[in-house]
1. So if I check each of Y60, Y23, Y8, which one is free of Cβ contacts under 8 Å to residues at least 40 places away in the same chain and buried (at least 17 other Cβ atoms within 10 Å of the Cβ)?
2. Kindly list the number of the only condition in (1) within 18 Å of L118 (Cβ to Cβ); (2) within 15 Å of the chain's Cα centre (by Cα); (3) in contact (Cβ under 8 Å) with a residue 60 or more places away in the chain that fails for L36.
3. Taking the criterion of being hydrophobic (A, V, I, L, M, F, W, C) and either modelled with pLDDT under 95 or surrounded by fewer than 17 Cβ atoms within 10 Å (Cβ to Cβ) (or both), would at least one residue in the stretch 41-55 satisfy it?
4. Restricting attention to the stretch 91-107, and to residues there that are surrounded by fewer than 17 Cβ atoms within 10 Å (Cβ to Cβ) and charged (D, E, K, R), which single residue is nearest to K10 (Cα to Cα)?
5. If I filter the stretch 76-88 down to residues being under 16 Å from Y8 (Cα atoms), out of contact with any Pro (no Cβ under 7 Å at 6 or more places or on another chain) and touching a residue at least 40 places away in the same chain (Cβ under 8 Å), which single residue comes out as surrounded by the most Cβ atoms within 10 Å (Cβ to Cβ)?
6. Looking at the stretch 108-126, which of the residues that are touching a residue at least 40 places away in the same chain (Cβ under 8 Å) and not hydrophobic (A, V, I, L, M, F, W, C) is surrounded by the fewest Cβ atoms within 10 Å (Cβ to Cβ)?
7. Residues being among the basic types (K, R), in contact with a helix residue (DSSP H, G or I) (Cβ under 9 Å, 6 or more places away or on another chain) and assigned to a helix (DSSP H, G or I): count how many of those fall in the stretch 1-45.
Amino acid sequence: MQTKFNLYPKEQLPENFKFPQSYIDLSSNMEKINELEYFPWWFEDPDYENSEIEDSVYLYSKAIEKLTGVADLISFARDGDWAACFKLTDYSGNPRVYVHDLGNEANKYECKDFDEWLAEEIKSAKEY
């Protein structure tokens with residue numbers, strides 16, 4: 001069970017990029033998720049020892065681009081081959097969420113923001 005996660009280092013993000021406040025809040029308090037019997041997503045943690053984030057956010061974003069065909073995405077959560085991503089060029093502070101099956105470029109969907117994505121995933125987990 002994941003109890004917290006670290007955010008990507010600010011110095012590796014575009015200057016004007018901001019994470020949604022609800023994502024920041026969740027990073028230190030995952031009670032909402034951990035109350036669920038089942039939640040398939042694992043939130044990316046660049047400080048986790050087995051993290052796939054090798055040298056930098058930039059390189060990780062380029063790797064995701066090769067798999068999705070979409071530039072400037074950074075994965076914030078994974079469920080197997082599925083990656084939920086923010087677009088690094090969205091400076092709104094409440095970016096859209098782009099969800100891609102990294103094993104099949106045709107499988108993808110979007111949510112208007114992190115709150116909508118999380119609510120849908122919690123609902124799906126409860127129905128599981």
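The values are calculated or read from the model by the stated rules, or taken from the named source; none is laboratory data. This structure is a prediction, so every number in the text was calculated from the model and none was measured. Don't worry about glycine lacking a Cβ; one is built from the backbone with ideal geometry, like all the others, and counts go over all protein chains shown.
1. Only one candidate passes the filter, namely Y60.
2. Failing condition for L36: (2).
3. Yes, there is a match, as at least one residue in the stretch 41-55 is hydrophobic (A, V, I, L, M, F, W, C) and either modelled with pLDDT under 95 or surrounded by fewer than 17 Cβ atoms within 10 Å (Cβ to Cβ) (or both).
4. R96
5. If we filter the stretch 76-88 for residues that are under 16 Å from Y8 (Cα atoms), which is where we start, we get 76-78, 83-88.
Checking which are out of contact with any Pro (no Cβ under 7 Å at 6 or more places or on another chain) leaves us with 76-78, 83-85.
Next, only the ones that are touching a residue at least 40 places away in the same chain (Cβ under 8 Å) stay: 76, 84.
Numbers: F76: 25, A84: 23.
The selected residue is F76.
6. The residue in question is K126.
7. 1
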